[in-house]
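Down below is the structure, laid out as structure tokens.
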């Protein structure tokens, strides 16, 4: 079971969280202006990287807030968690 | 004392406390401190099982959790039969009843052993090769027959009556394994004042120290040091020590799964005493001190009862006071076997010879054996054993060149003690996703780069010998606790060369000889070589093809020898072959302990409404809707569901029905931007919805498909009372929170779940207003004041209410929301007021029929995650002037306007008595053979009492354009002709709702 550090509450067991998919995929301000390919890209295409992945989590059974995390998909280690709205930290790999 | 192989003194047993037990119906005596295995050995019984595939007689091989042969069932009663327990771990108690497995009719004479005669015909992959054809025979003939012949042990015939506990724990340092390295680590870590946990799979702490007779630690005998160390640790309140604890799994982020046996070892556990406990320990740092497992030698007939690991024999002697035989051959490629030989010799066991495969064994242990007068045959291999149910002789021969042996000699004996060296237990390290590395010197895999905050210490990382293990353990404990403490242990012990032999010994016994690699899965050197000859190169494939190292054994005794044999066959060094993954559990765990309290009534939470008990008292039949218990129907007398539903339906249409709708999800959407938020979330338009008005809301996902629905009332300009489906409440709130928090944080809106705050009483039927009139205060129920799809606030029976005039039945209807704590009181008041008017309680089944008669959809029944609002006939609900809402862009995709999309229609069977099956498929022309072109499916189907016939809703390709067409529903009994109609069967003008 993962140990996840909610930026609002601190480290908590995975039981308290739900995963929210890839982070930093903003809903287009004017969806009508997007053509089919662009809308498809927004709606369905995800990076699914091997290595660092920016993803959303929600501390559902805690503060109930969404936040973002950088997790290494090969090791499951969280490098950093940060609040919704903050930019993705410029990090290359797992912290030593 | 009737046990002929028990020594007179010594060990960790109490000879004064005699215990009686039975094995396969025979009664034996053991003593306090015995395991089942040690007690049987004390009675001269080596034969404890039959092998999995060939049913060969098998004796005990090891002394701990690595035991692959001596798998037994322990039975207390019909419900308490535990199969596949290792006899080496079963603590003896008075009255223990154990049985061997995998034999019929008896262990001594097993009919299944005929498979051993057939063994030339059942090589590796036999099942894959043989039972390929005909394909159909697999399901009906081959698989059931193979399954009956395979498998180990029998499950109990009754439900498990015992209790299992679960505990979460946190500590700074978790030490796994309480041998010398683990004890030293715990000692060092405990000096930091932090929380330390020490767990060990055995009944006693100490690991290898429990069988040490010849060493001094800090000037004290090892046993004394052990007792003092345990006392020191036990006196520290920050140290938690758990024995009988199997650390079976290393999970992400230093979460360790541990099962603790609480009452398995007791003769008479207290009634209700828990049987096992699951510990889920989150440790900041972990010290793995899991030790090493002795490697068997691989030679023909190395599985004969009486052949056991040398160190296991030494443990039986020193810890349990049990001699493995009267005259033993010690076959080895490792120094530790000499220690065993010396201990045996001192205890009066005759050593026929020490047969060492190494050409020039040297070192203090070898010299000590020679000095004691023991015969050492250097450069000799053991090439076989003689005997049936017990070894009575061994073949030995000199190794004259690589892979070749010379003249065979025969030694008589009643036991063979063997040792190929020790394989570090890297199972938990590997589970933690750490990378193991090949060590050229020790010829074994050792822990390399860590993936978690852990370190290995002692024998599990190749630091063999007491002095090294203690020093390594202490340093690891200090490191884990981040506490700069040091200690230099003064150890006096004779220690040997840690290196052993890997792979098969040479022999001259011909092609037919069976030299076992994996005792538990009956894998021999021949099987591995065959796999390589047949082209398997990857260790992962060879493992699955031959089953070596699989199942509960997880390669404990077999792994390295298998790699050695495969390495020879492939002509590639071991590190180039790779290593299969060690899987959890390290040793098997019971389903009971994993399930814990989550069984029976506690399997899932149960949600009940404030009116639940009333329904129980009325004899309602309930159904599960997500976690809720909902009344499904209220039978009267001997009514079945069909009769009850028919009566309930007609009562609602004629008089009035009362229905508990409290399970509906409710979300209070509040704030200056509440209407804007609702506009963006739901497909409907909300801005112009007046205060006191309701609207049927449809929620789509961003992909344009309907995900939920429900009536939404506007309580105030800035306040909406949103209802959701019963099962969708949490999902809808989560989706709303997602958009609100992450997409539109600028909106000033607050969302609160109020599902459990409101009890909801639905009153549906022509007499609803009449019944309600006398109960409300300050509320005008007249159609002029409270029209259909409007709401009002006021009081009912003296308590506040939000009173909605809505209908899910097509009749005049009200939904009375009252604070949950008043739910039952108000319900009973309405119930009483309705008695003169024929008021009838109804359940979910009637609710479903009534809404189907009106063509109202149910989310998840008519919709399946691929239906758009238009597909289910809800285009009218779309707020077309809105610039955007969730799903709008997706609904503009060309595919969403395809006229061939499945659309909601009604179906009427040509025979009105026929009720279609929900889920049945629909075709255009009758009499087709598969594969048919499927046009859609039946989503709801009932007998409608008010229509006097069956009705059905369906999703049919291009359905709305097919009204009047005849389609067919293919069933095993033949096609059923149906006519496509409007989905609204009853009161299509909608007049009744205005009653």
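Taking a label point 7 Å from the Cα of residue B:717 along the Cα→Cβ vector, which residues of region B:666-690 have an amide N closer than 18 Å to it? Zone members listed by number: B:669-679, B:686-690. Across all Cα atoms of region B:265-379, the radius of gyration (one decimal) and Dmax (whole number) stand at 19.4, 60 Å.
Please report the projected area of the protein assembly as shown's Cα convex hull averaged over all directions, in nm². Don't skip to the answer; put the middle values down first.
Numbers: hull surface 203.2 nm².
Its Cα hull, projected and averaged over all orientations, spans 50.8 nm².
Label positions at residue B:825 and residue B:165, each projected 7 Å from the Cα along the C-beta direction, are separated by 4.2 nm. Based on alpha carbons, the Rg and Dmax found for region B:520-653 are 29.7, 84 Å.
Report, as an integer, the average count of C-beta atoms from other chains found within 10 Å of each Cβ along B:236-244. Before the final figure, lay out the partial values.
Numbers: counts 0, 0, 0, 0, 0, 0, 0, 0, 0.
Mean inter-chain Cβ contacts per residue within 10 Å come to 0.
Modelled this way, with points 7 Å down the Cα-to-C-beta line, the labels at residue B:884 and residue B:220 are 7.4 nm from one another. Dividing the convex hull volume of the alpha-carbon atoms in region B:562-603 by its residue count gives 89 Å³ per residue. Which translational diffusion coefficient, to the nearest whole µm²/s, is obtained for region B:14-116 from the Stokes-Einstein equation, given a Kirkwood hydrodynamic radius over C-alpha pairs, 25 °C and 0.890 mPa s? Translational diffusion coefficient: 179 µm²/s. Applying 1/(1 + (r/R0)^6) with R0 = 22 Å to the Cβ-Cβ distance of residue B:861 and residue B:913 gives a FRET efficiency near 0.40.
Here r is the Cβ-Cβ distance between residue B:617 and residue B:642 and R0 is 22 Å; the resulting FRET efficiency, rounded to 0.05, is 0.40. Peptide A:27-36 has a mean shielding of 4, counted as Cβ atoms of other protein chains within 10 Å of each residue's Cβ. Report for chain B the percent antiparallel among DSSP-assigned beta bridges with both residues inside it, nearest 5. Of the beta bridges lying entirely in chain B, close to 75 percent run antiparallel. Using a cutoff of 8 angstrom between alpha carbon atoms and counting only pairs six or more residues apart, the relative contact order for region B:14-116 works out to 31 percent. Rounded if a/c is under 1.5, else prolate if a/b is larger than b/c, else oblate: which is region B:798-864, with a ≥ b ≥ c the root eigenvalues of its Cα gyration tensor? Prolate. Restricting the calculation to Cα atoms, chain B yields a radius of gyration followed by a Dmax of 37.6, 115 Å. Relative to the longest principal axis of the Cα atoms of chain B, the long axis of helix B:222-234 lies at roughly 20 degrees. Tell me whether chain A comes out rounded, prolate or oblate; compute the Cα gyration tensor, take square roots of the eigenvalues as a ≥ b ≥ c, and use a/c under 1.5 as the rounded threshold. Verdict is prolate for chain A.
The angle separating the long axis of helix B:823-834 from the principal Cα axis of greatest extent in chain B is about 40 degrees. Spherically averaged projected area of the convex hull of Cα atoms, region B:362-431: 8.0 nm².
The angle separating the long axis of helix B:844-853 from the principal Cα axis of greatest extent in chain B is about 50 degrees.
Legend: mean number of C-beta atoms from other chains within 10 angstrom of residue C-beta atoms, peptide B:699-706, equals 1.
Between residue B:487 and residue B:601, the simple label model (points 7 Å from Cα in the Cβ direction) yields a spacing of 5.0 nm. Mind running the shape call on region B:898-994? Use the C-alpha gyration tensor, a ≥ b ≥ c as the square roots of the eigenvalues: rounded below 1.5 for a/c, prolate if a/b tops b/c, oblate otherwise. Oblate. Here the Gaussian network model covers chain A, with springs between Cα atoms less than 10 Å apart; of A:74, A:84, A:40, A:40 fluctuates the most. The alpha carbons of region B:404-558 occupy a box of 59, 39, 26 Å along the principal axes, longest dimension given first. For residue B:362 and residue B:738, a Förster radius of 56 Å and the Cβ-Cβ distance give a FRET efficiency of 0.20, rounded to the nearest 0.05.
Neighbour counts of other C-beta atoms within 10 Å: give me B:613, B:479 arranged from fewest to most.
Values: B:613 11, B:479 18.
Least to most surrounded, the residues fall as B:613, B:479.
Note on region B:664-754: Kirkwood hydrodynamic radius from all Cα pairs is 12.8 Å, rounded to one decimal. Look at B:426, B:329, B:485 and count the other Cβ atoms within 10 Å of each Cβ; fewest to most, that gives B:485, B:426, B:329. With contacts taken as Cα pairs under 8 Å and at least 6 residues apart, chain B reaches a relative contact order of 9 percent.
Give the order of B:255, B:678, B:932 when sorted by the count of other beta carbons within 10 angstrom, beginning with the fewest.
Numbers: B:255 19, B:678 24, B:932 14.
Placing the least packed residue first, the sequence is B:932, B:255, B:678.
Reducing region B:147-225 and region B:809-856 to their Cα centroids gives an inter-centroid distance of 61 Å.
Computed from the coordinates by the stated procedures, all read-outs in this text should not be read as laboratory data. Since the structure is predicted, the reported quantities are computational estimates derived from the model, not experimental observations. Because the Cβ atoms are built from the backbone with ideal geometry, glycine has one as well, and the counts that use them run over all protein chains shown.
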